[in-house]
Amino acid sequence: MLLYISKRLFQGVFVVVGISILIFIISRVVPGDPARMALGPRAPQYAVDELRREMHLDKPLPVQYCYWFSGVIRGDFGKSINTKRPVMADVKEFLPATIELALFSGFLFIFFSIILGLLAARYRDTWVDGIIRALSYTGIAVPAFVVAVILMLLFGYVWPIIPVLGRLSSDITAPPVITGLITVDSLATGNFTAFFDALKHLLLPSLALAVGPLFQEARILRSSLTDNMGKEYISVATGYGISGSVIMRKYLLKPSFIPVVSVMGLDFASLMGNAFLVERIFNWPGISRYGINAMLNKDLNAISAVIVIFGAIFIVVNIIVDLIVASLDPRIRLGGK
Amino acid sequence: MERLLDIRNLKVWYSTYRGFAKVVDGINMHVGKGEKVGLVGESGCGKTTTMKSILRVLDSRKVHIPEGEIIFKGSDILRMNYNEIQQVRRRSISMISQEPSAALNPVFTVGDQIMEVIRHSGQFDKNFSKKDMKSLAIKAIRDVLISDPERIFDSYPHQLSGGMKQRICIVMALVTPRELLIADEPGTALDVTIQDQIHRLLRSLVEEKHMSLIMITHSLGVARELVDRIYVMYAGNIVEAAKTKDLFKNPLHPYTRGLMDCVPRLSGGGVSEGIYGYIPDYINPTPGCRFYPRCPDAKEVCSRQKPPATVATENHLVACFKYN
Amino acid sequence: MNKEPIAKNELNRCRKKGLLSPSAKENLRIYWYKFSRNKLSVLGLFIVLISIFLAIFAPVVSRYPQHVKEFVDYEKANLPPSASYFFGTDIFGRDIFTRVIFSFRGALLMSVIVLSIAVPIGVLLGLIAGYYNGTWIDIIIMRLTDVFLALPPLILALAIAAVLKPNLTSSMIAVTAMWWPWYTRLVYGMATALSKEYFVKNAELIGASRFHILFNEILPNCLSPIFTKMALDVGWVILIGASLSFVGLGEQPPTPAFGQMISDGARYMPDLWWMTIFPALAIAFIILGFNFFGDGIRDMLDRGR
């Protein structure tokens, strides 16, 4: 197991370096002259040259990359053209909101997909299964940003019982920043008004993000369960008179969750991607909204910071997912023959 | 001899998209106490289906049993309620699956799975601790000639070879006392020497524990080595039933003779003739004898009418118009 | 007794019953049977055909083709759905129905182009990496693939589209750049397994060229999963493309695109609900159609059953 973890971590580090090269190429090489872009088309040539020297753009590309990457490691992504602040300061301000959103919607989709998947498999080929299947098709076909717009319409205008914009109502004082996650901070300081208000604000954006993965995951769990129901070892165990609850737990659920957990990693990726659109719609002051604004304004330093951070988060999530899979599946943990 | 298990006119149908596949078509067979019986036939003829219906582990959503009785010690398994069939599964009958690698749960150690069987057998009182169960399991593993049972106990199925997995399946079937063992082509997936070892092991364990055995195989040669009496099955029908000795001395049914040709002999030369053709369509079977399309001795009546089982000599049944 | 004729008759009988390898016509019937067993696949096929038809004949089918260019008619602005404007009109008086049909065109064009570039690249790299399993070629290709797959797909596409000029071509480049690794990974797994098979080893022994082995021995055995994935991916590409255009990184106005129309319409919710709802329904329709179709293709190419 230890060997497996260290192998996986080593791969992760390798991939991070690869991502940094990819992002360096995207942000520094593809768009042409970053110095000119930073200063705008009307800046005098000498100022551009000055900045080029300052940014080491006069050096060969590998050297440029080394300068850039050593900055990245120290958390120095340069300055944002938009906010005129160091990018890292922006990240520190906006990242917690996105993490809070992602965690909450991750919780939503994992929790409900398991319940729906179990229901669909238990009542397979009945109307319960049919409804869950229909919903899963909807979940596949309706993009998260459309779900967001529809939720916005429903709860913003038709039935305004849940707030649709921002993280906290304006009449409520935010708790002091400890972790940056308002729900956690308000609980820690015992501020329950703020806690419930923050929870309400979280509900719609996280629902918009969770809907797609939720139903797909439920379907995968359902088909994994029904596949395993036909496995020989289940009929063997039944033949030994092993009780229904043990067969359920040890022979059906545990093997069935293995493919589901692996797909959850992928779903989390699509969730983080969709956060870019959903945060924009719900005006959620997170790093994704910041990133989208950076992209629309070609704020290269901010773009590369956002992508590096998302890449790193995604890798960490994937390592966690792999470890869970390995702990469930001895064939992965101990290596196959 | 007292009958332990008596299957009467059992029919098992699978529902498919083209209609019911009549895979088991009214078979009769019985097993006496302490008797070793062979069920021989080619792959896909319904042997495994028949045996799985004894333990009622066929998928009830796909399988339909329109007729038949499976009498085990006086009561009909097919009409038992859940608790009664669980008692039979836990205490009386065990089955060794054809595919040892598919028969074991990949995410638990084999020891864990053997312990589960012991725990559920309900044959031990509350004083029987986990430690006792483990030593019972270890002993059973050693009984199947595995030299380091402790290591195997803690292994996962994917870490074991095919022969090992087959032995573990035998352990699960025999770790608690039972009256009847059904062995479904044990060792088919293995190479011949290991297969032979497994067969001999199985026979000695069954004899030692005074159990009855139903041995399913596609090879008459294997059956000859292991069992007292043989049922020959073709396409869901029992075509011939006789004592092993009688069957080999005087095979009656054309299909049995065809199978005999497939058994290699030391004397006499040449390649055997075998049986031509393919196994038949189960969904729209011929109204007559199911072997008719492949039969070298086919007569006109065989295409119209099903041959009934007739007594040829004492204890020798055959279903063929040739002997009617 | 002469055994030969019996064997032949038997063979013919089996052939008639479809027990042996069937003729080409019979093959088609089997494929159609497998595909159409799930009624949703047939629905998917139907939707796919409709979208292709609409995409090709958009100028003929739509009633106001001029509404996809610079066009303003404030007299007819903000009309709700009616007989002359099925989906209503937007704030410039343009027919939403026409614009939705033309969006089909852009969306399909995008997925066709993206897949026809990304799939060959991905498949080729996967084949090579799989065949040269364990060598430095394998390591380079697969580590590169890992890097691309280590970023959430939409984010990478957004970033690439952002640094380029915002238009349809850039968004296609962006999506292509993030799409090939999925095929590389898919084919890699299969090619690795296949290159250990005896028929590949045999081809090597009789001195077949690498080209022959890669394309005539290994590739044909990878085709069904590739085609299945492609059929499913058309819908995904459309979805990613719509997401890009939703934030303004795709097709630029006045040319219509799903994402852009939804994002424009969202500003006028709920009064001009038709500006958002109909493009949203249209995109759900097309994605759903291609998903059902892809599932059908998978069932069809599935061996056995």
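Once phi is turned into θ = phi - 60°, what whole-Hz ³J(HN,Hα) does the Karplus curve with 6.51, -1.76 and 1.60 give for every residue of segment B:93-104, x standing for Gly and Pro?
3J(HN,Hα) across segment B:93-104, in whole Hz: 10, 9, 10, 9, 6, 5, 10, x, 6, 8, 7, 10.
If you put +1 on each Lys and Arg Cβ and -1 on each Asp and Glu Cβ, how big is the dipole of segment A:45-136 around its Cα centre, in Debye rounded to 20? Display every interim value, and only then the final one.
Working: 11 positive and 10 negative charges, 22 e Å.
That gives a dipole near 100 debye.
Express in % the proportion of alpha carbon pairs of segment C:158-305 at distances exceeding 19 Å. Intermediate values should be presented prior to the final figure.
Numbers: 7109 of 10878 pairs.
Beyond 19 Å sits 65 percent of the P(r) for segment C:158-305.
Calculated from DSSP H runs of 4 or more alone, at -39500 (n - 2.57) each and per residue, what is the 222 nm mean residue ellipticity of chain B, nearest 500? Numbers along the way, then the final one.
Numbers: 11 runs with 102 residues, N = 324.
Result for chain B, helices only: -9000 deg cm²/dmol.
Using helices alone, what [θ] at 222 nm do you get for chain C, with -39,500 (n - 2.57) per DSSP H run of 4 or more residues, divided over all residues and rounded to the nearest 500? Each step should come with its number before you reach the end.
Values: 12 runs with 210 residues, N = 305.
The helix-only estimate for chain C comes to -23000 deg cm²/dmol at 222 nm.
Compute the signed sum of charges (Lys and Arg +1, Asp and Glu -1) over the other residues within less than 14 Å, Cβ to Cβ, of A:Phe14.
On the way: positive: A:Lys7, A:Arg8, C:Arg143; negative: C:Asp146.
Spelling it out: positives minus negatives among the neighbours equals +2.
For the protein assembly as shown, what does the alpha-carbon gyration tensor say about shape, rounded, prolate or oblate, given a ≥ b ≥ c as the root eigenvalues, a/c under 1.5 as rounded, and a/b over b/c as prolate? Please report the intermediate quantities before stating the final value.
On the way: a/c = 2.21, a/b = 1.93, b/c = 1.15.
Prolate, since a/c reaches 1.5 and a/b exceeds b/c.
Using Cα pairs under 8 angstrom and six or more residues apart, how large is the relative contact order of chain B, in percent? Write out the running numbers ahead of the final one.
Details: 566 pairs, mean separation 66.2, N = 324.
Worked out over chain B, it gives 20 percent.
Roughly how crowded by other chains is peptide B:292-299, in terms of the mean Cβ count from those chains within 10 Å of each of its Cβ atoms? Let's see the in-between values first.
Numbers: counts 0, 5, 2, 0, 3, 1, 0, 0.
Partner-chain Cβ atoms within 10 Å, mean over residues of B:292-299: 1.
How would you order B:62-68, C:269-275, A:92-98 from highest to lowest mean count of nearby Cβ atoms within 10 Å?
On the way: B:62-68: 14.7, C:269-275: 17.9, A:92-98: 20.3.
The densest-packed peptide leads the list: A:92-98, C:269-275, B:62-68.
Tell me the label-point distance for the pair A:Leu253, B:Asn9, using the 7 Å Cα-to-Cβ offset, in nm and rounded to one decimal.
About 4.5 nm separates the two model spin labels.
Given +1 on the Cβ of Lys and Arg, -1 on the Cβ of Asp and Glu, and no further charges, what dipole in debye does chain C carry about its Cα centre, rounded to the nearest 20? The partial results should precede the final answer.
Details: 28 positive and 20 negative charges, 271 e Å.
Approximately 1300 debye in magnitude.
May I ask you to order C:66-73, B:314-321 by the average number of other C-beta atoms within 10 Å around their residues, highest value first?
Working: C:66-73: 14.8, B:314-321: 18.6.
In descending order of packing, they fall as B:314-321, C:66-73.
Nearest 10 degrees, 0 to 90: what angle lies between the long axis of helix A:192-229 and the longest principal axis of chain A (Cα atoms)?
Computed tilt is about 50 degrees.
Over the alpha carbons of segment B:3-240, what is the largest minus smallest coordinate on each principal axis, giving the biggest first in Å?
For segment B:3-240, the Cα extents along the three principal axes come out at 48, 41, 37 Å.
Taking chain C as the reference, fit the longest principal axis to its C-alpha atoms, fit the long axis of helix C:168-194 to the helix C-alpha atoms, and give the angle between the two in degrees, 0 to 90, nearest 10.
Here the helix axis deviates by roughly 20 degrees.
If you look at just the Cα atoms of chain C, how large are its Rg and its Dmax in Å?
Computed over the Cα atoms of chain C, radius of gyration and Dmax are 24.6, 94 Å.
Would you give the gap between the C-alpha center of segment C:37-103 and the C-alpha center of segment B:198-238, rounded to a whole Å?
72
Quick one: helix A:87-122 against the long Cα principal axis of chain A, what's the angle to the nearest 10°, folded into 0 to 90?
Tilt of helix A:87-122: around 20 degrees.
Treating only the Cβ of Lys, Arg, Asp and Glu as charged (+1, +1, -1, -1), what charge dipole size does chain B show about its Cα centre? Round to the nearest 20 debye.
Numbers: 44 positive and 36 negative charges, 101 e Å.
Using Cβ point charges on Lys, Arg, Asp and Glu, chain B gives about 480 debye.
Express the relative contact order of segment C:119-184 as a whole percentage, based on alpha carbon pairs under 8 Å and six or more residues apart in sequence.
48
Quantify how strongly other chains surround peptide A:317-329 by giving the mean number of their Cβ atoms within 10 Å of each of its Cβ atoms. Could the numbers behind the result be given before it?
Working: counts 1, 2, 0, 0, 0, 0, 0, 0, 0, 0, 0, 1, 4.
The per-residue average across the peptide is 1.
On a C-alpha basis, how far is the centre of segment B:15-49 from the centre of segment B:74-135 in Å? Whole number, if you could?
Segment B:15-49 and segment B:74-135 have Cα centres separated by 24 Å.
At a threshold of 8 angstrom on Cα-Cα distance, excluding pairs fewer than six apart, so keeping six or more, what relative contact order does chain A reach in percent? Kindly include the intermediate steps, with their values, before the conclusion.
Numbers: 371 pairs, mean separation 85.7, N = 337.
25 percent.
Sort A:153-160, B:28-35 for me by packing, meaning the mean count of neighbouring Cβ atoms within 10 Å per residue, highest on top.
Details: A:153-160: 13.6, B:28-35: 17.9.
Highest mean packing first, the order is B:28-35, A:153-160.
Please compute the average number of Cβ atoms from other chains found within 10 Å of each residue's Cβ in peptide B:105-111. Let's see the in-between values first.
Working: counts 13, 8, 12, 6, 1, 0, 0.
Counting Cβ atoms of other protein chains within 10 Å of each residue's Cβ and averaging gives 6.
Pull up all non-local amide H partners of B:Ile238: gap of 5 or more, or a different chain, and H-to-H distance under 5 Å with H placed in the peptide plane.
It is B:Asn28, by chain and number.
What lysines does B:Lys73 reach when the alpha-carbon gap must be under 29 Å and sequence neighbours fewer than 8 apart in one chain are set aside?
Within the straight-line cut-off, B:Lys73 pairs with B:Lys11, B:Lys22, B:Lys33, B:Lys36, B:Lys47, B:Lys52, B:Lys62, B:Lys126, B:Lys209, B:Lys243, B:Lys245.
If you add up the charges near C:Phe290, with Lys and Arg at +1 and Asp and Glu at -1, over every other residue whose beta carbon is less than 13 angstrom from its beta carbon, what do you get? The partial results should precede the final answer.
On the way: positive: C:Lys229, C:Arg298; negative: C:Asp233, C:Asp295.
Charge balance in the 13 Å sphere: 0.
Take chain B, connect every pair of alpha-carbon atoms lying under 10 Å apart with a spring to form a Gaussian network, then pick out the residue of B:Thr50, B:Thr313, B:Thr217 with the largest mean-square fluctuation.
B:Thr313
Here, each number is a calculation from the coordinates, and none is a lab measurement. These figures come from a predicted structure and were not determined experimentally. Cβ: placed from backbone, ideal geometry, glycine included. Neighbour counts: every protein chain shown.
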